[in-house]
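Student: One structure, as structure tokens, below. Some questions next.
Every number here is computed from the coordinates shown, using simple stated rules; none is lab data. Bear in mind that the values here come from a model prediction, so they are computed numbers and not experimental data. Here the Cβ positions follow ideal geometry from the backbone for every residue, glycine too, while neighbour counts run over all protein chains shown.
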Amino acid sequence: MSHEKAVTACVVVIGNEILSGRTQDANLSYLALALNSVGVRVREARVIPDDPDTIIATVNEVRAKFDYVFTTGGIGPTHDDITSLCIARAFGVPLILHPEAKALLEMHYRQGELNEARLRMAHVPEGAELLLNPVSRAPGFRIGNVFVLPGVPLVMQAIFDGFKHILAGGKTVLSRSITCALLEGRIAADLGTIQDGYPCVEIGSYPFFGQGAYGTCLVLRTTDQALLDAAAAEVRAMIRKHGGEPSPENTGA
């Protein structure tokens, strides 16, 4: 997209319920948008099962490849919540009962309610830093460049929002969306020429159909505002050349 070094991230979604289709993931889109707002670009996302070997191998692979890794799911109180143990094994450290995490749970639950199952949520890899949870108190944690978060979207978002300011990001990716009532096959050649002229601008073409309407949405993304403006102007001119009328431009991440 541009020649400066990007700060990159991988999101690892952990859970058999996601892979089975029983639960729809809502965390990836939130993380991708929120990370871009602080200059961290999600370059890859993986959805993996609750399988120890898969979790360990995946985490070790992506933490060596990306600046940041964010996992979601598998840190609750039940037998299939194995993410914390797997992260500990990936880093080669023991899983310990963290005294601060235990204290947080003791303050949250009434006397006698903090059973062994719930106490599982206070176990983290040795050396991990807690990520505070303002909703249900059971913390996430960070070890190395890996941030381990729960799968419940409301809780995941609250924990993430509490620490995102510490992330060291690069430039934020800017975007411009332009739609027109032209089929993408009609504009494909000229769009390719514009892309060749702007190698630092990522241009995506997304056709749409439905309810009697059809057309193409063109999305331009770069970290350079001047390049974005120039490329968008050429796209709009190209659409008019083919007899279409570009929509008002929408900006975003």
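Student: Please give the per residue volume of the convex hull enclosing the alpha carbon atoms of the range 174-252, rounded to a whole number of Å³. Display every interim value, and only then the final one.
Tutor: Numbers: hull volume 6.3 nm³, N = 79.
In the range 174-252, the Cα hull volume divided by residue count equals 80 Å³.
Student: Could you calculate the FRET efficiency of His79 with Lys241 from 1/(1 + (r/R0)^6), where r is the beta carbon distance between them and R0 is 51 Å, rounded to 0.05?
Tutor: Numbers: r = 62 Å, r/R0 = 1.22.
Result of the calculation: an efficiency of 0.25.
Student: Contact order normalised by length for the range 174-252, with contacts defined as Cα pairs under 8 Å and 6 or more residues apart; what percent is it?
Tutor: With pairs under 8 Å counted, the relative contact order is 46 percent.
Student: How high is the relative contact order of the chain? Use alpha-carbon pairs under 8 Å, at least six apart in sequence, and give a whole percent. List each step's numbers first, then the result.
Tutor: On the way: 474 pairs, mean separation 49.5, N = 253.
Reported relative contact order: 20 percent.
Student: Kindly state, to the nearest 0.05, the FRET efficiency for Asp161 paired with Glu17, given R0 = 22 Å and r defined as their beta-carbon distance. Don't skip to the end; give the middle numbers.
Tutor: On the way: r = 24 Å, r/R0 = 1.10.
Rounded to the nearest 0.05, the efficiency is 0.35.
Student: Something else now. Over what distance in Å are the Cα centres of the range 225-248 and the range 55-88 separated?
Tutor: A separation of 43 Å, based on Cα centres.
Student: Once label points are set 7 Å from the Cα along Cα→Cβ at both Glu106 and Gln225, what is their separation, rounded to one decimal in nm?
Tutor: 5.3
Student: Going by how many other Cβ atoms sit within 10 Å of their own, how do Phe209, Phe91, Phe163 line up, fewest first? Walk me through the numbers on the way to the answer.
Tutor: Values: Phe209 9, Phe91 19, Phe163 15.
Ranked by crowding around the Cβ, least crowded first: Phe209, Phe163, Phe91.
Student: Another question, if that's okay. Note the full-extension length gain between Tyr206 and Val47 as 0.36 nm times their separation in residues minus their Cα-Cα distance, in nm to one decimal. Intermediate values should be presented prior to the final figure.
Tutor: Working: separation 159, 0.36 × 159 = 57.24 nm, distance 2.40 nm.
Contour length minus the Cα-Cα distance gives 54.8 nm.
Student: Please report how far the C-alpha centroid of the range 178-195 lies from that of the range 21-48, rounded to the nearest whole angstrom.
Tutor: Cα centroid of the range 178-195 versus Cα centroid of the range 21-48: 28 Å apart.
Student: Which residue, His98, His123, His165, has the most motion in a Gaussian network model of the chain that connects Cα atoms within less than 10 Å?
Tutor: His165
Student: Between Glu113 and Glu184, what is 0.36 nm times their sequence separation minus the Cα-Cα distance? Round to one decimal in nm.
Tutor: Full extension of this stretch gives 19.6 nm more.
Student: Taking trypsin sites (Lys or Arg not before Pro) as exposed when DSSP calls them loop (any state but H, G, I, E, B) and at most 12 other Cβ atoms lie within 10 Å, what is the longest stretch of the chain free of them, the sites themselves excluded?
Tutor: 111-253
Student: Translational D (Stokes-Einstein, µm²/s) of the chain at 4 °C and 1.567 mPa s when Rh comes from the Kirkwood sum over C-alpha pairs?
Tutor: 63
Student: Of Met121, Met156, Met107, how do they rank once you tally other Cβ atoms within 10 Å and put the fewest first? Please list the in-between numbers first.
Tutor: Values: Met121 25, Met156 22, Met107 9.
Sorted ascending by nearby Cβ count, the order is Met107, Met156, Met121.
Student: Sticking with this one: Picking from Pro139, Pro125, Pro52, which is most flexible by a Gaussian network model of the chain using Cα springs under 10 Å?
Tutor: Pro52
Student: Something else now. Given 37 °C and 0.692 mPa s, how large is the Stokes-Einstein diffusion coefficient of the range 35-87 in µm²/s, with Rh as the Kirkwood radius over Cα pairs?
Tutor: The diffusion coefficient I find is 269 µm²/s.
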